[in-house]
Amino acid sequence: MIQPFFDRVLLEKQEKKPVAGEIFVPNAERAKSYMMRVLKVGSDCKFVREGMQVAIARYAGIELPDSDGRLFVARECDIVGVFE
């Protein structure tokens, strides 16, 4: 696992579970999921802690290779909100 530096955070994409009654949309048509779970935080992060559920900006962060699209590294300022 990678340890982010400074104000960077390591995020894991959270897949939304389908609910009965929802319209099915194929994977090719789905938008990028912006709901992420914080796995690790850099030493300069002030507001975000490990384990938080967060929403990130649309084009924020970089996808880590060899993670099958699950892991991202982004700056703390790219996090737009926290799910409670």
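Bear in mind that the values in this text are calculations on the coordinates, not laboratory data. Just so we're clear, the structure is a prediction, and the values are computed from it rather than from any experiment. Every residue, glycine among them, receives a Cβ derived from its backbone with ideal geometry; neighbour counts consider all protein chains shown.
For this structure, a couple of remarks:
- Enumeration of residues in the stretch 45-75 that are among the charged types (D, E, K, R) and in contact with a helix residue (DSSP H, G or I) (Cβ under 8 Å, 6 or more places away or on another chain): 46
- Counted residues, the stretch 75-84 - those being over 12 Å from residue 34 (Cα atoms) and assigned to a strand (DSSP E or B): 1
- Output for the stretch 57-77, where each listed residue is of a type in the set (D, E, K, R) and surrounded by 10 or more Cβ atoms within 10 Å (Cβ to Cβ): 63, 70, 75, 76
- Across the stretch 29-74, the number of residues qualifying as in contact (Cβ under 8 Å) with a residue 60 or more places away in the chain and part of a strand (DSSP E or B) comes to 4.
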